[in-house]
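One structure is given below, encoded as structure tokens.
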Amino acid sequence: MRIISLVPSCTEILFYLGLGDQVVGVTANCDFPLEVRHKEQVGYFSSPNIPKIISMKPDLVISGGEIHREHGDQLHKAGIDLLDFDPLTIDALLDGMVELLYRTGLPVNTGRVDLLKMKRGSIEAEFSHMGIRRPRLAFVLGEGTLAAPGPANCQYDALKICGALPMPSARNDSFMLITWENVAAFNPEIILACGCGPDEKPRRRCPGCTVEKRSCARDIVDVKRNPSLSNVIAVMRGRVYAVPCHFFCRPGPRLFQGMEWLAGLIKQL
């Protein structure tokens, strides 16, 4: 089967499931695992090269929700099979992995998905059995214009499974726009933010990125020194952490590493 992935997290999933040999095309933003360097590139995550994709005659193209809606319509008209992979919960992510296995038409072995299900179950069960209090947690995305994961988001579900109490939202959206003042009013006991720690180099700019102030290059020390947060518990107790993109922002196998890290952090409070 010839598969083209337009989504970095889906590319990771394909290789994790042992389907890397069937991947014939990826975007320039697909950077994990290292084997993707040898795959044909079909544009960027936000702007895939549709004529090139059609010319490669794939059996399946994997898209990523609303950002690829228009592109998906074009591929459908060209008679190309499309799988829209945009999970809003951890269970939907795991179910989507199994569906992807079935879509390949190969003998299905869900062993690797089952391993992730076990991790998910053990993290949630530990907190429910121990009755650990859920600490308030703010996950700050973006720079300049800030956002936080909303209830219709895989990140939000992951935070809850890990035992955290994320910032509330009145609407069932994927993201909610926030300000540092909103964060201060929530008074989180933990703050997670895109960026790098004191001893880390800023992350390299992703292919095609034109954002002037990148949140992935934010120095986490700037968050700690933000005057709006001076009385916030997380800042006063030194619980402000930079997190890499793959820990929570990419719904794939490495998301579960992030969940294990956060669950361990919360248990130590």
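The values are calculated or read from the model by the stated rules, or taken from the named source; none is laboratory data. Everything quoted here is computed from the prediction, not taken from an experiment. A quick note on method: Cβ atoms are made from the backbone with ideal geometry, for glycine too, and the neighbour counts reach across all protein chains shown.
Given (1) more than 16 Å from the chain's Cα centre (by Cα); (2) surrounded by 20 or more Cβ atoms within 10 Å (Cβ to Cβ); (3) in contact (Cβ under 8 Å) with a residue 40 or more places away in the chain; (4) not in a loop (DSSP other than H, G, I, E, B), where does L75 come up short, assuming only one miss? In the conditions (1) more than 16 Å from the chain's Cα centre (by Cα); (2) surrounded by 20 or more Cβ atoms within 10 Å (Cβ to Cβ); (3) in contact (Cβ under 8 Å) with a residue 40 or more places away in the chain; (4) not in a loop (DSSP other than H, G, I, E, B), L75 misses (3) alone. Selection of helices (runs of 4 or more DSSP H) fully inside the stretch 206-259 by the criterion of at least 1 residues being hydrophobic (A, V, I, L, M, F, W, C) and at pLDDT 95 or above returns 233-236. If only one of L141, L93 is modelled with pLDDT of 95 or more and touching a Pro at 6+ places or on another chain (Cβ under 9 Å), which one is it? Criteria check complete, one pass: L93. Cβ-Cβ distances below 7 Å connect no pair with a first residue in the stretch 156-169 that is without any contact (Cβ under 8 Å) to a residue 12 or more places away in the chain, a second residue that is in a helix (DSSP H, G or I) and surrounded by fewer than 22 Cβ atoms within 10 Å (Cβ to Cβ), and a separation of six or more residues or different chains. Among the conditions (1) modelled with pLDDT of 95 or more; (2) over 21 Å from the mean Cα position of the chain (by Cα), I190 misses just one, which is (2). With respect to the conditions (1) aliphatic (A, V, I, L, M); (2) at pLDDT 95 or above; (3) assigned to a helix (DSSP H, G or I), L100 falls short on a single one, namely (2). Taking E66, is it part of a helix (DSSP H, G or I) and more than 17 Å from A152 (Cβ to Cβ)? Judged against the criteria, E66 is not a match. Every condition in (1) crowded, with 18+ Cβ neighbours inside 10 Å; (2) modelled with pLDDT of 95 or more; (3) more than 16 Å from the chain's Cα centre (by Cα) holds for T179 except the one numbered (1).
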